[in-house]
Amino acid sequence: MEYTEGVRFDSLGLSPEIMRAIEKRNITVSTPVQAGCIPPMMDWQDVIAKAPTGTGKTFAYGIPIVEHVDPEDESVQAVILAPTRELAIQITDEIRDLAAFKPGVRTVCLYGGQPIGRRIDTLKKRPQIVVATPGRLSDHMKRRTVRVDTVQTVVLDEADRMLDMGFIHDVTRLLDKMANRKNLGLFSATISREVMDIAWVYQRDAAEITVREDEQNKPDIKQFRMDVSFNGKADAIVKILEETGFDRCMAFCNTKGSTERITKFLQMQGIDAACIHGDIPQKKREEVMERFRQGKLRVFVSTDVAARGIDVDDVDIVFNCDVPDENQDYVHRIGRTGRAKRQGVAVTFVADYPSKMRIDDIAQKTRNEIREVRFDENGHLAEV
């Protein structure tokens, strides 16, 4: 069923504790995905929800989870799986906010890069809600530091990306271990065949919730492409920043090596830039993201996987230093800009013929107008 409007939270029969947490955020009306998912999940029904990023999916499953948790019961009652550490951390913060007025509800976040001993100490405090990446939860289960046979609700957030990243075997093994659950929620921006396979095997009579992107809130993004050499990409970023004066920029690369090279060149040109990718230690990644959120970093360079789940919504311009391999990655990348009724800009660098073919295909398949620009003889940006 497609949902286009929200409902008042006070019409959903929520507890005073949850209503206090919601009111603290000065919210009275839900988003469409919350209106569609909260009632069936409160009734312990399986849910499969297709909704764009930034539509409030965390509260859509978080509210029923916190409502259902029994603070007197110290066993694990809910598991939320996320594809990346950053998204897991973000979800944990939201769940803790929702549980702020419900004493005795404890949440733990498990992800790679943490000292395992510290997480084991946290698990000894008997959290009822576990937010985790699939690999790290599997590790803890092998160590027998967490039991999931008591879990009532399981949620896969960004299920499409989780399965694309190769977590399918971890996910299915975990679901098999949580066979006593009462309901399973699948939340995804796209419903891929892999997501449907999981739904087919592990869900029964699921409520199907679809939310289209609200045209009023759809990002307003001017999209451009520019022919540059492989070694000219960082120089092009510098020139564009000099001409536009943009202060908050994200640059995406397909490989870890590219993120390092682009970042080093920008730093040599006196630009505050830093990068994150899978080999960067977790603490350093969190420091970089915090600097960017606080406006202390002008250019944030990342791979797709490392940036997945990072909620940054006021970026001036997005640079695609490499054309992404997947159309959906292009949409996710440029969706970082043009939010909150501001116009954003996205520039994709095209360095060879395969890249040209890819950007042509992306423009056609995503129905985006991507105009060609170049530097004129005076070094100024001009449309071709």
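The values are calculated or read from the model by the stated rules, or taken from the named source; none is laboratory data. Nothing here was measured: the structure is a model prediction, and the numbers come from that model. Cβ sites come from the backbone with ideal geometry, for glycine too, and all protein chains shown count toward neighbours.
Out of N180, N231, one residue alone is part of a helix (DSSP H, G or I), of a type outside the set (S, T, Y), without any contact (Cβ under 8 Å) to a residue 60 or more places away in the chain and at negative phi. It is N231. Screening K239 on (1) among the charged types (D, E, K, R); (2) in contact with a Leu (Cβ under 9 Å, 6 or more places away or on another chain); (3) free of Cβ contacts under 8 Å to residues at least 40 places away in the same chain shows it passes everything except condition (3).
Within segment 254-287, the set of residues being of a type outside the set (D, E) and within 17 Å of the chain's Cα centre (by Cα) comprises I276, H277, G278, Q282, R285.
A quick yes/no check of all residues on (1) part of a loop (DSSP other than H, G, I, E, B); (2) β-branched (V, I, T); (3) modelled with pLDDT under 90:
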position: V146; (1), (2), (3): yes, yes, no
position: T150; (1), (2), (3): yes, yes, no
position: D160; (1), (2), (3): no, no, yes
position: L163; (1), (2), (3): no, no, yes
position: H169; (1), (2), (3): no, no, no
position: L174; (1), (2), (3): no, no, no
position: G185; (1), (2), (3): no, no, no
position: I191; (1), (2), (3): yes, yes, yes
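The set of residues from segment 237-265 being assigned to a helix (DSSP H, G or I) and crowded, with 20+ Cβ neighbours inside 10 Å comprises I237, I240, L241, S258, T259, I262, T263. So the check is Cβ under 9 Å with 6+ separation or different chains; which pairs have a first residue in segment 141-166 that's within 20 Å of R181 (Cβ to Cβ) and basic (K, R) and a second one that's modelled with pLDDT under 95 and part of a helix (DSSP H, G or I)? These pairs meet every condition: R147/M141. For A51, the conditions (1) modelled with pLDDT of 95 or more; (2) under 20 Å from V195 (Cα atoms) all hold with the exception of (1). You will find that of D322, D352, the residue that is under 18 Å from C253 (Cβ atoms) and surrounded by fewer than 19 Cβ atoms within 10 Å (Cβ to Cβ) is D352 and no other. Closer than 20 Å to N180 by Cα, touching a Cys at 6+ places or on another chain (Cβ under 7 Å) and either surrounded by 24 or more Cβ atoms within 10 Å (Cβ to Cβ) or at pLDDT below 95 (or both): does that describe V79? Here the answer is no, as V79 does not meet what is asked.
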